[in-house]
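Read the figures in this text as sums done on the coordinates, not as results from a lab. Given the structure is predicted, the values throughout are model-derived calculations rather than measurements. Positions of Cβ are backbone-derived with ideal geometry, glycine not excepted, and every protein chain shown enters the neighbour counts.
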Amino acid sequence: MSNKSFQDYNQPDKGGHYGPYGGKFVPETLIPVLAELETVYRDALKDESFVREFDGLMKDYVGRPSPLYYAERLTKALGGPEIYLKREDLCHTGAHKINNALGQVLLAKRMGKKRIIAETGAGQHGVATATVAARFGMECVVYMGEVDMQRQALNVYRMRLMGTEVRPVTAGQRTLKEAVSEAIRDWVANSRTTHYILGSALGPHPFPMMVRDFQSCIGREARAQILEKTGCLPDLLVACVGGGSNSIGLFHPFIKDESVRMVGVEAGGRGFAIGEHAARFSGGRLGILQGNRSYVLQDENGQIALTHSISAGLDYAAVGPEHAFLNDIKRVEYERVSDDEALEGFKALSRLEGIIPALESSHAVGWALKAFPSLKKGSLAIINISGRGDKDIDQIRERLHV
């Protein structure tokens, strides 16, 4: 594909590859399970009853479409683009994660599977999975690293309130990577009765494609809303990138609109040394982790590196394969924001707009604080506020002392 034209963008291929990325790197026992999942997914999209049920729940249960809000005071403070916020924080459960969890639980129901498992870092995907499992009366187990359980104790309690078993993971760094590994082990052992609702746009095919498609409601809505409000497409889209579900959901419907610049913001953590951040595009290299090939943070011997971020949801050693491809073809720019810069974003949105963002989303706002003052005044920018910050208040209180 030419870097100068994206009109023929059509990813992934039949094998689930985005250029050299993606694929299925899983135990052989999961190959037929993944094949069944892809078949059921593609059939469901053609089934009017499935689409009708999904759309109805997205409207009446999730609360979609989420608003596109003009951030007047933030715009005045930065003096650059007119800033609009895509308010995924206003969805049921407080984040975008419910969009994908709802779609996948309907697929599980379609396959006759009554047990759901998931992994979670920041806890928002775990809460979303617990929510849809309760809604459809399914057994649910969520794997979560011990470190993340401590810093996201509120979300652990929310999951348990809805009847989900939260299993602590004590291996390794005790964060998201280890939680994913435990969920995959469970799935290998119980795939006949269990569906794994993977929470981000990574893992083996068809998960990156499915998660992107279920989350693309974000970008489709944002496109229609900005056109209705201004008569123009945005000049710039900004979203945080961990595994990459909220960002690919915003970006994907705009990929062929070459006038629209797109920026994904990774976790710059405490510094540039390996182990001090989770910025895969400024320290990672080609590798395979948990089912797919992508950019991975690793040491000189190929061992998966330790990561750090103030945000549990961005604290992961790999990035979704479609993001890796979009980086290579220069369709999306990937930047990094430090812990301290993310805290500045958190404070700015809280105090200027009365919107308390998740620490993940605060990275996108933190990049805007740095970059927007030098951008063209009167241009249009959309920042995806992927989740609300209730879950982070105890952690913030320890850091900011306000």
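When the dipole is taken about the Cα centre of region 250-402, and only Lys, Arg (+1) and Asp, Glu (-1) are charged at their Cβ, what size is it in debye, to the nearest 20?
Approximately 440 debye in magnitude.
Might you report the magnitude of the Cβ-based charge dipole of the chain about its Cα centre, with Lys and Arg at +1 and Asp and Glu at -1, to the nearest 20 debye?
Roughly 500 debye, rounded to the nearest 20.
What's the extension gain from Met162 to Lys370 if we count 0.36 nm per residue and subtract their Cα-Cα distance?
Going from the current span to full extension adds 70.9 nm.
Based on the Cα gyration tensor of region 63-131, what are the three equivalent ellipsoid semi-axes, each the root of five times an eigenvalue, rounded to whole Å and given largest first?
Over the Cα atoms of region 63-131, the semi-axes work out to 34, 12, 8 Å.
For q values of 0.15, 0.17, 0.21 Å⁻¹, compute log₁₀ I(q)/I(0) with the Debye formula on a Cα-only model of region 101-166, without solvent.
-0.39, -0.50, -0.73
Of all the Cα-Cα pairs you can form in region 1-120, what percent are over 22 Å apart?
59 percent
Quote to one decimal, in nm, the extra length available between Phe272 and Asp43 on full extension: 0.36 nm per residue of separation minus the C-alpha distance between them.
That works out to 77.9 nm of additional length.
Jot down the per residue volume, in cubic angstrom and as a whole number, of the convex hull over the alpha-carbon atoms of region 249-329.
In region 249-329, the Cα convex hull volume per residue is 105 Å³.
Could you list, in their original order, any pairs among Lys86/Lys330; Lys46/Lys229; Lys76/Lys391; Lys76/Lys97; Lys46/Lys330 whose Cα atoms are separated by more than 27 Å?
Correct reply: Lys46/Lys229; Lys76/Lys391; Lys76/Lys97; Lys46/Lys330.
Which residue fluctuates most in the GNM of the chain (Cα springs below 10 Å): Glu182, Glu276, Glu36?
Glu36
Can you bin region 214-361 into rounded, prolate or oblate? Criterion: square roots of the alpha carbon gyration tensor eigenvalues sorted a ≥ b ≥ c, rounded for a/c under 1.5, prolate for a/b above b/c, oblate for the rest.
oblate
List the residues, sorted by chain then number, that are 5 or more residues from Ile382 or on another chain and whose placed amide H is less than 5 Å from its amide H.
Those qualifying (amide H under 5 Å, at least 5 residues apart or on another chain) are Tyr84, Leu236, Leu237, Val238.
Which semi-axis lengths, in whole Å and largest first, follow from the square roots of five times the eigenvalues of the Cα gyration tensor of the chain?
Listed largest to smallest, the semi-axes of the chain are 29, 23, 22 Å.
With springs only between Cα atoms under 10 Å apart, run a GNM on the chain and tell me which of Gly56, Gly244, Gly219 wobbles the most.
Among Gly56, Gly244, Gly219, the largest GNM mean-square fluctuation belongs to Gly56.
Go through region 208-215 residue by residue and turn each phi into a ³J(HN,Hα) via Karplus (6.51, -1.76, 1.60, θ = phi - 60°); whole Hz please, and just put x for glycine and proline.
Karplus values, whole Hz, x for Gly and Pro: x, 5, 5, 4, 4, 5, 5, 8.
At Ser259 and Ile329, where each label point lies 7 Å from the Cα along Cα→Cβ, what is the point-to-point distance in nanometres?
Roughly 2.1 nm, to one decimal.
Run the quick spin-label model on Lys14 and Arg220: label points 7 Å from Cα toward the beta carbon, then report their separation in nm to one decimal.
Simple spin-label model gives 2.6 nm for this pair.
Among the trypsin sites (Lys or Arg not before Pro) within region 95-201, which fall in a DSSP loop and have no more than 16 other Cβ atoms within 10 Å of their own Cβ?
Lys114, Arg192
Can you work out ³J(HN,Hα) from phi for every residue in region 227-240, in order, using Karplus 6.51 cos²θ - 1.76 cosθ + 1.60 and θ = phi - 60°, giving whole Hz and x for Gly and Pro?
The phi angles translate into 5, 5, 6, 10, x, 10, 6, x, 7, 8, 10, 9, 8, 6 Hz.
Using label points projected 7 Å from each Cα along Cα→Cβ, tell me how many nm separate Glu53 and Val188, to one decimal.
3.2 nm
Place the peptides 297-304, 20-27 in order of packing, highest mean first, counting for every residue the other Cβ atoms within 10 Å and averaging per peptide.
Ranking, from highest mean packing down: 20-27, 297-304.
Could you compute Rg(Cα) / (2.2 N^0.38 Å) for region 158-202, with N its residue count?
1.24
If you count, for each residue, the other Cβ atoms within 10 Å and average over each peptide, how do 123-129, 137-143, 60-66 line up from highest to lowest?
The densest-packed peptide leads the list: 123-129, 137-143, 60-66.
Can you work out the Karplus-derived ³J(HN,Hα) for every residue in region 39-56? Use 6.51 cos²θ - 1.76 cosθ + 1.60 with θ = phi - 60°, whole Hz, and x for glycine or proline.
Values per residue, Gly and Pro as x: 4, 5, 4, 5, 5, 4, 5, 8, 8, 4, 5, 5, 4, 5, 5, 4, 4, x Hz.
May I ask for the equivalent-ellipsoid semi-axes of region 121-272, computed as the square root of five times each C-alpha gyration tensor eigenvalue and listed largest first in whole Å?
31, 18, 15
Select from Ile197, Ile117, Ile274 the residue whose mean-square fluctuation is largest in a Gaussian network model of the chain (Cα-Cα springs shorter than 10 Å).
Taking springs between Cα atoms under 10 Å, the residue moving most is Ile274.
I'd like the FRET efficiency for Gln7 and Ser379, computed as 1/(1 + (r/R0)^6) with the beta carbon distance as r and R0 of 25 Å, rounded to 0.05.
With R0 = 25 Å, the Cβ-Cβ based efficiency is 0.60.
To the nearest µm²/s, what D does Stokes-Einstein give for region 142-229 at 20 °C and 1.002 mPa s, using the Kirkwood radius over alpha carbon pairs as Rh?
142 µm²/s
Once you order the gyration tensor axes a ≥ b ≥ c over the Cα atoms, which shape class does region 302-388 get: rounded for a/c under 1.5, otherwise prolate or oblate by comparing a/b with b/c?
oblate
Name the residues whose placed amide hydrogens come within less than 5 Å of the amide hydrogen of Tyr9, ignoring near sequence neighbours (fewer than 5 apart) on the same chain.
The answer is none.
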